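S.K.: Pasting a structure below so you can have a look.
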Amino acid sequence: MEALLTALGFLLVTMVSVMFHLRGQRAGQTAAPAAPGGPPCPRCKAPLPAGSGFCPGCGVPLQVYEVVTARVSAAPTPEVAGSPKQALHAMVRADRCVGCGTCVAACPEPGAIRMVGKVAVVDTVLCKGHGDCVKACPVGGISLSAGAAVQEMEVPEVNSSFESNIPGLYIVGELGGRGLIKNAINEGKIAVEEAVQILKRPSAPVSHTPDGREVLDLIIVGSGPAGLSAGLEAHKHHLNFAILEQGSLADSIRRYPRHKILLGEPVKVPLYGDLWVADASKETLLQVWETIIASNNLPVLTEHRVESVQFLDDIFHVQTSRGEYLARGVVLAMGRRGTPRQLEVPGEGLGKVFYDVIEMEAFAGSRVLVVGGGDSAVESAIGLANQPNTTVHLSYRGSDLTRVKERNRIKFEAAVAAEKLSVVFGSQVREIREADVVLAVGEQTIHLPNDYVIIRVGGDPPLKFLERIGVRVVRKDVPLMSA
């Protein structure tokens, strides 16, 4: 008994120490004196301390505004004859890099490109612009440039509240440009905090249309990190709302392209507290999601695919596959990858199935089947084949790779010739099982031993959906990760 009390006491002291340490870190980030003439907080306009990661006025983490405050891309400046040319150097698109490390092995300049976490980073001083990394990258995520270290991205135009050009329609999470979980959670919270100021005005409430149809305060589209955070904030403010999820709750996590979820620091989830997921599986995060939803009784409506959004007579009309919903505000928290096409075969719901892949190295030493015959499938297969001790097969129903870029075809054929991967033309997946995959090849049936299946057969891009409903999409120069 005495030993048990001692252990409990030690645990309590440790928890208290960690709590004060984290508070100290936050205080240290926000207590520094403001730098004269420094840029104000995008949200509350308070002066920002030099080097701070948080606003001292409203407490918002400034990283969430990385894309919002990025400048709109300018038209290319024509070269002036006789002007000095800058040295070329490699640039990595952080949103496309899959962390396979192929570029590092290909570079002839030691240290010029290296892996920092899961992303390749270029040292522009050491880089000589040979371009070997450009040729080696299996996903076309590296280019040579003499310009600034930025990537041009197509993103919806939103303000500091994540409100689009359509008043009352907010866009948060991965769809806004960057998919970090902690950013998504913070963005969902900020958007609803701002929406509440309008929705709760005495002149604003409208609960029913003249013909008696219910009008919700808010509709949230998507039940991932951003959507869940927005829903919790709406629940906290007693809004009448619904969360629409096109698949099941598990889909939003299962389709997340990372093999594991990593948060280097805790992020505060409304009505839940600090969420700190370190080196955990997606299944662990799903358990947390389900616990939060159940304990707060959040109204998540699954199998509701949103097909259109219209703003008519001061009310949003949200058409779904299950009917129409009306609301005074909408938060779009959908993924940037859109809706991936599915094979609609038995076993596709298993946890071994992915529709995209970011962390190639997480599949090292595994038996992986990639399904598809386009550039995305070929790029995934090449990247996975470069991981040590990994057996990779590509299943494609066609007889040849007629839809891929020439550079991808060359890399793919070289990988096949080197026996790094195998291709099964004229094949279709019939069933996905825990230990294997059943393929139909003509009149034959093949049982392929398998650990993971990557399905890359296309989907519905979300930016097109945004443009259809009237959201303005712009091209921005977003800073890249650099050495």
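S.K.: Restricting the range 403-421 to residues that are closer than 16 Å to Glu379 by Cβ and among the acidic types (Asp, Glu), which is surrounded by the fewest Cβ atoms within 10 Å (Cβ to Cβ)?
M.R.: Going through the qualifying residues, I end up with Glu406.
S.K.: Given (1) out of contact with any Cys (no Cβ under 7 Å at 6 or more places or on another chain); (2) farther than 14 Å from Leu421 by Cα; (3) buried (at least 23 other Cβ atoms within 10 Å of the Cβ), identify the lone condition not met by Met360.
M.R.: Met360 satisfies every listed condition except (1).
S.K.: In the range 305-337, what residues are within 22 Å of the chain's Cα centre (by Cα) and of a type in the set (A, V, I, L, M)?
M.R.: Val306, Val330, Val331, Leu332, Ala333, Met334
S.K.: Grab the helices (runs of 4 or more DSSP H) fully contained in the range 152-269, keeping just those with 2 or more residues being out of contact with any Gly (no Cβ under 6 Å at 6 or more places or on another chain) and modelled with pLDDT under 80.
M.R.: Output list reads 181-199, 249-254.
S.K.: Here's another thing I want to ask about it. If you check Leu298 against the conditions, is it in a loop (DSSP other than H, G, I, E, B), under 17 Å from Gly231 (Cα atoms), at pLDDT 80 or above and out of contact with any Asp or Glu (no Cβ under 9 Å at 6 or more places or on another chain)?
M.R.: yes
S.K.: I'd like the full set of residues that are modelled with pLDDT of 80 or more and assigned to a strand (DSSP E or B), limited to the range 456-483.
M.R.: Val473, Val474, Arg475, Lys476
S.K.: Can you pull out every residue in the range 72-88 that is farther than 29 Å from Pro156 by Cα and modelled with pLDDT of 75 or more?
M.R.: Leu88
S.K.: List the number of the failed condition for Glu344; all other conditions in (1) crowded, with 22+ Cβ neighbours inside 10 Å; (2) without any contact (Cβ under 8 Å) to a residue 12 or more places away in the chain; (3) not basic (Lys, Arg) hold.
M.R.: Of everything listed in (1) crowded, with 22+ Cβ neighbours inside 10 Å; (2) without any contact (Cβ under 8 Å) to a residue 12 or more places away in the chain; (3) not basic (Lys, Arg), Glu344 misses just condition (1).
S.K.: For residues in the range 160-176 being at positive phi and surrounded by 22 or more Cβ atoms within 10 Å (Cβ to Cβ), which is nearest to the chain's Cα centre (by Cα)?
M.R.: Checked the range 160-176; the qualifying residue nearest to the chain's Cα centre (by Cα) is Gly173.
S.K.: Is one or more of the residues making up the range 393-402 touching a residue at least 24 places away in the same chain (Cβ under 8 Å), charged (D, E, K, R) and loosely packed, with under 14 Cβ neighbours inside 10 Å?
M.R.: For the range 393-402, residues touching a residue at least 24 places away in the same chain (Cβ under 8 Å), charged (D, E, K, R) and loosely packed, with under 14 Cβ neighbours inside 10 Å: present.
S.K.: Taking the residues in the range 431-463 that are touching a Pro at 6+ places or on another chain (Cβ under 9 Å) and acidic (Asp, Glu) as candidates, determine which candidate is surrounded by the fewest Cβ atoms within 10 Å (Cβ to Cβ).
M.R.: Asp460
The values are calculated or read from the model by the stated rules, or taken from the named source; none is laboratory data. Fair warning: this is a prediction, and the values are worked out from it, not measured in the lab. Don't worry about glycine lacking a Cβ; one is built from the backbone with ideal geometry, like all the others, and counts go over all protein chains shown.
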